[in-house]
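Heads up: the structure comes next, in structure tokens.
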Amino acid sequence: MRKLELHWKILIGMVLGLVFGFAMTFPEGGREFVSEWIKPLGTIFIKLLKLIAVPLILASLIKGISDLKDISKFRNIGLRTMGIYMGTTTVAIILGLVLVNVIEPGTGISEDTIEKLTSTYANDKGVTAKLEEATRQKESGPLQFVEDMVPDNAVSALGNNQLMLQVIFFTIFMGISMLLIGEKKAKPLKRFFDSLNDVVLKMVDLIMLSAPYAVFALLANVVVSSSDPEILLALLKYAGVVVLGLALMIVFYCILVSVFAKKNPFWFLKQLSPAQLLAFSTSSSAATLPVTMERVEEHIGVDKEVSSFVLPVGATVNMDGTSLYQGIAAVFIAQALSFELPLAAQLTIVLTALLASIGTAAVPGAGMVMLVIVLESVGFPPDKYAIGLALIFAVDRPLDMLRTVVNITGDATVATIVAKSVDKLHDPKPKNWDDHYEEVK
């Protein structure tokens with residue numbers, strides 16, 4: 001019998017997780033059982049992915065830069081990457097603003113629903129934590145982002161997954177320095193990182209063996225911890241606009257892949273699907289990064305010189321799905337609370353959301369922190385920030401899962417396009433976890 005492909009196994013795990021989670025919401029003690037005995041399986045899986053994220057970036061980026069043997073090639077890749085990332089993010093924000101202005105989901109929200117959402121979520125610790133983090137970011141200086149990129153201690157940067165940009169800066173600095181000392185002197189260090197890269201990729205293969213069971217656990221927990229169904233129904237129109245926008249972004253990526261990379265978009269999505277399914281389950285671009293890199297390199301055919309730079313940077317600065325959500329959520333809140341947003345203010349949203357997406361942590365819930373910054377930029381009353389976040393907090397988790405899928409799809413699309421433009425896109429060469437098993441039996 002033909003072996004079931006990974007994406008089908010993960011999809012089956014997702015469906016079973018949703019069904020099991022729904023079933024466990026009814027019996028007494030069901031929610032506690034899932035929280036105590038099922039959720040830890042998913043948590044361990046995410047921890048394993050985060051465990052190898054920094055070593056993978058360190059090894060693969062240094063290997064990629066040192067293999068280029070020419071700093072000008074790296075400059076070309078970097079400029080093209082940042083240019084395309086900014087372009088796709090701008091398209092995402094404008095698309096979101098067009099949809100929310102045409103459909104106007106906020107005009108149908110009743111006063112009773114607003115009061116219910118406010119009383120339920122305005123003082124929720126999740127909302128207050130997002131407001132505190134947004135306040136901290138707003139109080140920082142205009143060049144704080146650049147300052148935060150440069151670590152003062154490489155070891156502490158490598159030991160913190162939220163300092164991804166610092167890790168990337170240090171790794172690029174080291175890779176370029178290896179090029180400048182000459183191939184002969186850099187060879188011992190290069191061989192070490194080449195070997196480390198192979199080991200970490202094998203760790204990805206081994207971790208992925210447990211992916212179907214992990215997504216089962218993660219989604220079962222999402223279902224049993226979901227909000228009041230009546231509240232979810234009240235926000236269905238708003239959620240529908242966000243989902244429509246995210247779906248159109250996937251179509252946009254498919255067009256880019258077809259036109260610029262000359263690849264079949266359906267084939268592209270199939271090869272990337274395991275990473276997309278994990279992004280949906282974890283709501284974290286950073287946690288999904290090792291799998292995204294493995295799928296893009298081995299199954300789509302992007303050379304490591306490109307993927308090792310484009311994908312880690314993308315996980316931090318490219319958040320198309322989240323940026324699209326910023327535009328929709330900001331206008332939705334304004335519509336629901338009868339706050340006027342003229343064209344000039346909405347153009348401000350485009351610029352602010354674009355800048356806010358850079359440097360925001362690639363972790364669950366980061367979009368709501370960005371949203372507060374966007375609301376502040378258009379003059380939204382500070383005393384209503386909590387009410388605004390409360391309006392969308394109930395559906396933020398499922399929408400966060402979906403926009404993370406779009407975020408990593410955008411990263412993979414840009415990596416493929418950049419690789420094609422610099423002649424670094426080759427035939428895929430997939431590897432299996434047991435390729436060398438016979439050697440160690």
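The values are calculated or read from the model by the stated rules, or taken from the named source; none is laboratory data. Given the structure is predicted, the values throughout are model-derived calculations rather than measurements. Glycine also receives a Cβ, built like all others from the backbone with ideal geometry; neighbour counts cover every protein chain displayed. These accessible areas exclude ligands, DNA and RNA; they are computed on the full protein's heavy atoms, side chains included. Shrake-Rupley method; radii C 1.70, N 1.55, O 1.52, S 1.80 Å.
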* Structure fact -> Residue count, the stretch 365-396, condition crowded, with 19+ Cβ neighbours inside 10 Å, part of a loop (DSSP other than H, G, I, E, B) and at pLDDT below 85, comes to 1
* **Residue in the stretch 150-169 that is most open to solvent (accessible area, probe 1.4 Å), counting only those that are in a loop (DSSP other than H, G, I, E, B) and among the aliphatic types (A, V, I, L, M)** => Val150
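Which residues, taken from the stretch 427-441, are modelled with pLDDT of 80 or more and surrounded by 12 or more Cβ atoms within 10 Å (Cβ to Cβ)? Please lay out each step first, then the result.
Of all residues in the stretch 427-441, those modelled with pLDDT of 80 or more come to 427-430.
Answer for the stretch 427-441, where residues must be modelled with pLDDT of 80 or more and surrounded by 12 or more Cβ atoms within 10 Å (Cβ to Cβ): Pro428, Pro430.
Per-residue answers, yes or no, for (1) at pLDDT below 90; (2) surrounded by fewer than 15 Cβ atoms within 10 Å (Cβ to Cβ):
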| site | (1), (2) |
| --- | --- |
| Ile176 | yes, no |
| Leu179 | yes, no |
| Lys187 | no, yes |
| Phe192 | no, yes |
| Ser195 | no, yes |
| Val199 | no, yes |
| Met203 | no, no |
| Leu209 | no, yes |
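Which residues, counting only those in the stretch 53-75, are in a helix (DSSP H, G or I) and open to solvent by 60 Å² or more (accessible area, probe 1.4 Å)? Explain how you work it out, then say what you get.
First pass over the stretch 53-75, keeping only residues in a helix (DSSP H, G or I): 53-68, 71-75.
Passing the criteria: Ile71, Lys73, Arg75.
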* Structure fact -> Counting only residues in the stretch 293-351 that are over 19 Å from Leu269 (Cβ atoms) and in a loop (DSSP other than H, G, I, E, B), the one least open to solvent (accessible area, probe 1.4 Å) is identified as Met319
* Asked: Just one of the numbered conditions (1) surrounded by fewer than 20 Cβ atoms within 10 Å (Cβ to Cβ); (2) of a type outside the set (Asp, Glu); (3) part of a helix (DSSP H, G or I); (4) touching a residue at least 60 places away in the same chain (Cβ under 8 Å) is not true of Leu399; which one?
  -> (1)
